Structure formats: C-alpha cells, structure tokens
Number of protein chains: 2
Amino acid sequence: MKLATLKNHTRDGRLVVVSRDLAQAVDASAFAPTMQFAIEHWAQAAPQLQALYERLNAGSASGAFDFDATQALSPLPRTHQFVDASAFLNHGNIMEQAYQLTVKKTAGIPILVQRQSDDFWGPCDDYPFPTEADNGDFEGEFAVLVDDIAMGSSADVCTSRIRLLMTLNDVSMRTHLFRELQMGFGFINAKPATVFGPVAVTPDELGDAWSGGRVHLDMRVSRNGQWFGHPNGREMDWSFGELLAHLAYNRNLRAGTILGSGTVSNQDARSVGSACLAEKRALEKIDRGDSSTPFLKFGDRLRFEVLDAAGQSVFGAIDHRFVPSR
Amino acid sequence: MKLATLKNHTRDGRLVVVSRDLAQAVDASAFAPTMQFAIEHWAQAAPQLQALYERLNAGSASGAFDFDATQALSPLPRTHQFVDASAFLNHGNIMEQAYQLTVKKTAGIPILVQRQSDDFWGPCDDYPFPTEADNGDFEGEFAVLVDDIAMGSSADVCTSRIRLLMTLNDVSMRTHLFRELQMGFGFINAKPATVFGPVAVTPDELGDAWSGGRVHLDMRVSRNGQWFGHPNGREMDWSFGELLAHLAYNRNLRAGTILGSGTVSNQDARSVGSACLAEKRALEKIDRGDSSTPFLKFGDRLRFEVLDAAGQSVFGAIDHRFVPSR
C-alpha cells in the first residue's frame, strides 16, 4: 500500500491512503490519524489501511479525492530518530579520490550519521537557505521506516521490521560539510532539514525490485528540467537490514526510526550520472582537473523520482525550488 | 516549577508536577498529559502547571502523592531532536593533550553532535550494555529543553525560548568513540541511550545560579558510593543561547529539542575532579604516564546530583547500575 501525510496545520499532519497510480487519496484517520500512530500500531492498523487501499484502487472507497503532492508533508513530518548511511562506497571513493580525503574506515563497519528529525520539509515546498556561499547540494536517496527493533537484533530480524520505503533529498551544505567532517563530530550546519518524497510504500509494492534489502530501481534526478542522473539502488554495499543491525548493536530502535541509504551512486557514474552535485564535481575534477558544475543557485529546481518497470511513479516526486531564507 | 514523567506503560509516560523539595508529586494531565504536550503548548500550559506547583508546595494540591524517582522516565522520554555540545573546552583540551588527538576546530565555532532521541533511559533503571570491552563511560552534563526556535534566531532569542533545565548522563562507549571520531561522521555505537535526571526545572528555580545562559552549580558525581568529582557548570565556553543560535543557523528547531552542555569540566579538574572517566584517565596519563581508573564494570553504580546553596537536590539524582545486556 501507499501512504502520505497531508498538511492540516498540525505538526504531524493527517494520514491518507494513496492509490497505486498516485491519482487518488482517502482519509485514513478512522484507523490511524497520523503516520507516527500507524507505525506505532502497525499490527492493528496495517490490515485496515491495506483494505482501504484496495477499495481505493478498485474505485470503491467513499470520500476519495484527487491526490495533490503539493499539499503533502514528508510522510513522517518529524520523528524520534533519523540516521543516514553512506552505504554506496562508490560515492565515498570518488570523493576521497578527488579531494585527497582520508576517511579512516574500518573494514566491515558501515558509515552511519545521526541526523536531525524534528523538522522535515515538504516535498514540493520552497526550500530556504541563507546564502549560495554555503555551496548547497542535494543527495537523492532511498530510506526505510521501521517498527520497534530490540537491541542486538540480527540483520534478518531488522529487515523483517521494515514497514515502509521512501525517497529523500538529503540537502547538504558543502562549505560546512568539509569543515565539520574534519572536526569529526558529524554534521550540524552541513545538513539542514531533510525532504522526503510524498508517498511512503510498503516493500511489497516494489515486487522484485525490493530484493536483498535494497531498492533495485533508478533514482531519477533532474535539475531545472535537465537530466542529472539515474543511478540504481542495487549497488548498496550494505543492505538496510545490515545497517540497522549495526545501529542496534547496543540500543533499541523505536518505531518511527528512519534509516537513509546515502546518496545513490553507481560504478558507471560517468554514464548513468550522479544523484548529487558534489559527486559530479568530483568526477569532473578527477577527469579534467577542475569542476564546472555549480552548486545550488537560488531559484534552482530539483526533481527526484523513481519509476517502476511500467513507467509508473512509485513514491511521487520530490519537486522543489531553492530560495533565499532572508 | 519542577516537572517529571512517570512510567505508565506508554512511550511518553505521564506528566506530573513535583514539589520544590522533590517529596511530593501530583498528576498534571488536566493541563498536559505528557511533557511533549506541555512543551508544544507552553504558553497555555505553563501558567496552569505553575499554579498547580504552588498549590503542591503549599500542601493544598488534591491528589498529591509521594514522588518516587525510581518510577520516573527521563522527563521527556523521547523527543524529535537531541543535540549534545562539547562546550567545556577544558575537557577537550585534556583529551587532546593526553591522546595526541588533533580535532580540527575552527575558532568561534562550537562542537555540537546530533544524537539519538528515540529511546532515552530512566534515571534509576539498570542500564544494559553488551560487553565491558566497549570501555563504558559516563559524562555528567546539564541540558536545556526549548520551545520552537525559528531559523536564524539570535543567541538572545534562543535563550528566551529555553523552557526547562535538566541533568543527564551521556553514556559513552570509548572503544567505539575513538574509532568513530577518527572516521568523522559523529557517534553511533559510541553513544547508546542517554539518561536524564528525573526532574526538569524552569530556569527561575535556580535563582542566581542560572546566569549568562549557564548553570552555576556543581555536578556531583559518585561511583559506587565514592566521590568522583563535582565540577561546576559556570565554565562553559559558550552559553546555551550561543550554542542554540549556531544550531539554528540554517534550520528551525522545533519544540522539544534538547541541547546538552557536554561533560562538565573545570580548569582545576585535579582538585574538583571530573564528570567522566575518560577525563580522569587522561589526567592520570598526563601526570603519571598511564591510566589506573578503570572503565565501567558490570555492577558499577553511578550517581549524578546537583544541590542548591541550601543543600537541596535541584533535579533529583540519576542513580543507576550498569548491567550486562545479554
């Protein structure tokens, strides 16, 4: 099934079920008023939401209305934990090669970053940032939304607790990122509000494209209407289950935890393109000695979308414009 | 006023008002069922809670009962954002000197770390961790709980949005910390669940001891009943307002955001002691060439308490035992 959260002037919005083709929606509040409620009461709520989803797809759901992604918040507009991985090693390798970075990785241990989760941004809302000098960037990613996971759970158990899949734009400010990365304590000014695609979907919606704890679909990114890249999620070096197990080593993960994949990046990035500016700039630097693709300009419009084999949008599009905050 | 959250088999617990002497409590659900509700509706709820607090202190609150800190959760048992600072530079300087660390700081920019906030631990509950080989440690800290703060707010505005003060034990696993610090992406296995003192208090409760956006009181730490240290909060190199302003540079901070001070550390640490094992071990290494104080052993009991000038406990005590998780 597919779920979204619409604006209603509350912090958590209101939950709706969205039809498979993203054309229609119907209020879900009889079963779960908010996404947080749904994820905390999944065993009870999911079958009811699924039945409503089937009625909506069949055209028999009363109260159905046109789904308008511009009225959507992030599917979970705020949550109690958001962790982002950097699980496509290809991306890190390109960055390290271009900028002579020395990230002291340990074999077998993934990179995970604890992130802010109090104020996610709407997928079609103008995104404010203070100055172009911050070298604004985007990162197209996949994410999972999980139920409660007990401390010490295995990767398989963690995988079984994945309830929903999402897309996200991990907005990044590169000027601050390089400084903060060198300091060692993770990201603060480098990573302001994150933006999730309008529709969260259960893994079964992907069919064979959800396999091995990875999303085997292209992340299609465009900038100002121009193709930017369409790397595929299948090359993740860790599965979502493996990443969750590392995170749960010595703590419980509570329902509503979101784990991101890191920017989607493929070995053949020179042909399929990238899902972030920094990677494209790094490839330019490696190949030609300098970077020509500019960081975000005020007024830039970014679009992130994932299509299934039939060309149908799976999660709806993040489609937003970057604007001055002051 | 003083507020606490008692266990009631829900994720958020139930809010109670606690008397100034921490002896009595009374249910606050008529005005705010949970701490999260109180902080999101502060303008309406605070005057009502304050009036109830005054009745409780006067002995005229109906339904008052003995306050039992062992039944308390962290005052906000989970929240949407927890950021921890390292705002006592003295601590970092000792660590860098002892271990030849090179933290690439930028003058004027504080160290802040985005942290997990989905599963805080109760102040008197046994604290499970997998193995003594993780080199478990504690960090006694102060924290603020804030109302909504808009992107770009000044330090003064941020200070005015501080609603409650708390104490915390920032439980740290040093084996993972040194590895993760070198990697650059902040803390994952190094920082499992955080533990907050049982009672959150409004700044006015501290009188002159809340000054310049700092808590001018000693953090009294004992290990297995033995004095460990009592450094004072006044030596913070940034005020809480300044730290919040740095965090809010390019994002909104939403109600319920918690900001920690970092481990309390004083210039005269050799006489007043430390609030964490790693700092004491670092001083031993600097002064004598090696460290003799052991990291946490299973069965160790830690206590963190803050007394006012009259010797009254302000926040109640974190008083907990470390136990095997498996």
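Below is a table of values for the structure above.
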read-out	value
When residues of the range B:16-44 are limited to those that are assigned to a loop (DSSP other than H, G, I, E, B) and aliphatic (A, V, I, L, M), the one most open to solvent (accessible area, probe 1.4 Å)	B:ALA30
Residues that are away from chain B (no Cβ under 12 Å), loosely packed, with under 15 Cβ neighbours inside 10 Å and either farther than 23 Å from A:VAL264 by Cβ or not hydroxyl-bearing (Ser, Thr, Tyr) (or both), drawn from the range A:94-106	A:GLN97, A:GLN100
Pick from the range A:216-234, criterion open to solvent by less than 60 Å² (accessible area, probe 1.4 Å) and either hydroxyl-bearing (Ser, Thr, Tyr) or in a helix (DSSP H, G or I) (or both), ranking: nearest to A:ALA269 (Cα to Cα)	A:GLY233
Residue count, the range B:184-199 (criterion: assigned to a strand (DSSP E or B) and more than 21 Å from B:LEU15 (Cα to Cα))	1
Test: residue in the range A:79-90 that is farther than 19 Å from A:MET166 by Cα, outside the structural domain of A:PRO192 (by TED's automatic domain parsing) and not basic (Lys, Arg)	no
Residue satisfying condition, being among the charged types (D, E, K, R), facing another protein chain (nearest Cβ under 9 Å) and open to solvent by 10 Å² or more (accessible area, probe 1.4 Å), within set B:ASP119, B:ASP156	B:ASP119
Positions within the range B:159-183 being open to solvent by less than 10 Å² (accessible area, probe 1.4 Å) and either in a strand (DSSP E or B) or touching a His at 6+ places or on another chain (Cβ under 6 Å) (or both), in sequence order	B:LEU164, B:LEU165, B:MET166, B:THR167, B:LEU168, B:ASN169, B:SER172, B:MET173
The one condition in (1) away from chain B (no Cβ under 14 Å); (2) in a strand (DSSP E or B); (3) of a type outside the set (A, V, I, L, M, F, W, C) that A:PRO128 fails to fulfil	(1)
Candidate set from the range A:235-264 (those that are assigned to a helix (DSSP H, G or I) and more than 11 Å from every other protein chain (Cβ to nearest Cβ)); member that is most open to solvent (accessible area, probe 1.4 Å)	A:GLU242
From the options B:LEU206, B:LEU145, residue that is touching a helix residue (DSSP H, G or I) at 6+ places or on another chain (Cβ under 8 Å) and either on the phi < 0 side of the Ramachandran plot or not in a helix (DSSP H, G or I) (or both)	B:LEU145
Members of the range A:265-289 found to be in contact with a helix residue (DSSP H, G or I) (Cβ under 7 Å, 6 or more places away or on another chain) and either in a helix (DSSP H, G or I) or charged (D, E, K, R) (or both), listed by number	A:ALA269, A:ARG270, A:ALA278, A:GLU279, A:ALA282, A:LEU283, A:LYS285, A:ILE286
Given (1) more than 10 Å from every other protein chain (Cβ to nearest Cβ); (2) open to solvent by 10 Å² or more (accessible area, probe 1.4 Å); (3) touching a Phe, Trp or Tyr at 6+ places or on another chain (Cβ under 9 Å); (4) in contact (Cβ under 8 Å) with a residue 12 or more places away in the chain, index of the condition A:ASP204 fails	(4)
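The values are calculated or read from the model by the stated rules, or taken from the named source; none is laboratory data. Note that this is a predicted model, so its numbers are computed, not measured. Don't worry about glycine lacking a Cβ; one is built from the backbone with ideal geometry, like all the others, and counts go over all protein chains shown. Calculation scope for accessible area: heavy atoms of the full protein, side chains included, ligands and nucleic acids excluded. Shrake-Rupley method; radii C 1.70, N 1.55, O 1.52, S 1.80 Å.
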